[in-house]
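Scroll down for the structure; my scribbles are underneath it.
The values are calculated or read from the model by the stated rules, or taken from the named source; none is laboratory data. Keep in mind that this is a model prediction, so the values were computed, not measured. Quick reminder, even Gly has a Cβ in these numbers, built from the backbone with ideal geometry, and neighbours come from all protein chains shown.
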């Protein structure tokens, strides 16, 4: 293990986090808020510790797979530990455990909260902006951002991008990793700006538009109103619906579209994703209408589309309390939590590409049982899926199920109803946000004990980092030189 390069990378991370605090600091100045001092102290701490980590330049700057996983896992933990300081210092969230939960939920773009609706609306604007900004920072990945401006270790920093980026496979758009990171963030920033402009044009206040754009771009879902998105007009809800889906697509596809490669951009994963989205909207709309829930057909379509986009993108915004919907509709939404967004997006979940590979792998095994001597490869978009990728997807599924079961058992010790316990693990491990019953769209996670909150914190980090970077930290061989 190259500890020196790990320490140096964490140093850069702390300096960047100190710079991230400047945006809410400026907000505190504009609105004359005393939270200014909380952010100032956090900046000094991050800057001081980050500077100390950078004093001595390591002789060996190589980053291999092991260092890549450790750097990513440690970076997200450190980023969350220090990102919670403004909430704690200001007294807005008196418990550091709660402040850490809220921050991890922000950076991992989960959107699960320990705050009541009135507590959110009563929070200082600078803290609200920081809360939403954590979504934007964590959406694309903070280390991808750092790589866009600082070449950490030449070509080998691809190990960092692979460990931080969501999906079974990660590739470079262009030969250099740094240029790939710049392209991804340019697309990310551009889409965020477009959504912000559309929201402002629709009559949403500038401050609300900025927070909503940050939360949508990162598919996080922290709302700044007690009623979520319900209080905004239909145009604004439709804009958010569309952009939740846009940020759920693989960002590589936008790059391919820009180069005129329409067939490659509209790949199998995106086709399946859109098929699932429109099928779920149709089924929920039909269920709401037949159940005589009180919606007109147009209202049923609007709320179904918003909820489906919110859940499958793992954003977590809400215009309605779907916890009160018929069981059939709620079941569909829970299933969408497991599916998640596309690989290479800012969304969470298991990712559509993994489900495609698992489904094709299952059909492949059935075919081999019928024709034992046949030689046939698993293909997606007429390309052979390498055995390494199939093995990785299978290993991911096993690890996912193991973490899910252990987490559910640990949470169930508290004695809450099964639906609450089950969906609280589903929604944190898949970075969705709201679940059902006590953790539904109008509920929160404040009633859980600190023990359970730490389980959720691990689940949120494991879900965002695709499990393995977090598991690597527990392997004894990781820490051997």
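Listing for the model above:
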{"quantity": "Matching option when the condition is in a helix (DSSP H, G or I) and under 23 Å from residue 104 (Cα atoms), among 222, 214", "calculated": "214"}
{"quantity": "Pairs with Cβ under 7 Å, 6+ apart, first in the stretch 27-48 and modelled with pLDDT of 95 or more, second surrounded by fewer than 16 Cβ atoms within 10 Å (Cβ to Cβ)", "calculated": "36/29"}
{"quantity": "Exclusive hit being buried (at least 23 other Cβ atoms within 10 Å of the Cβ) and either modelled with pLDDT under 95 or farther than 30 Å from residue 446 by Cβ (or both), set 55, 63", "calculated": "63"}
{"quantity": "Count - residues of the stretch 207-225 that are more than 20 Å from the chain's Cα centre (by Cα) and either over 15 Å from residue 133 (Cβ atoms) or modelled with pLDDT under 95 (or both)", "calculated": "1"}
{"quantity": "Residue 147 within 22 Å of residue 247 (Cα to Cα), at pLDDT 65 or above and in a loop (DSSP other than H, G, I, E, B)", "calculated": "no"}
{"quantity": "Qualifying residue in the stretch 79-88 (condition: over 22 Å from residue 124 (Cα atoms) and surrounded by 22 or more Cβ atoms within 10 Å (Cβ to Cβ))", "calculated": "no"}
{"quantity": "Residue match in the stretch 420-443 (condition: part of a helix (DSSP H, G or I) and out of contact with any helix residue (DSSP H, G or I) (no Cβ under 8 Å at 6 or more places or on another chain))", "calculated": "no"}
{"quantity": "Positions within the stretch 332-360 being in a helix (DSSP H, G or I) and under 25 Å from residue 265 (Cβ atoms), in sequence order", "calculated": "336, 339, 352, 353, 354, 355, 356, 357, 358, 359, 360"}
{"quantity": "Any hit, the stretch 404-415, residues being surrounded by 20 or more Cβ atoms within 10 Å (Cβ to Cβ), within 18 Å of residue 321 (Cβ to Cβ), under 20 Å from the mean Cα position of the chain (by Cα) and at pLDDT 95 or above", "calculated": "no"}
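Listed here are the residues, each with its yes/no results for (1) at pLDDT below 95; (2) within 26 Å of residue 113 (Cβ to Cβ); (3) touching a helix residue (DSSP H, G or I) at 6+ places or on another chain (Cβ under 6 Å).
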site	(1), (2), (3)
274	no, no, no
278	no, no, no
282	no, no, no
293	yes, no, no
307	no, yes, yes
318	yes, yes, no
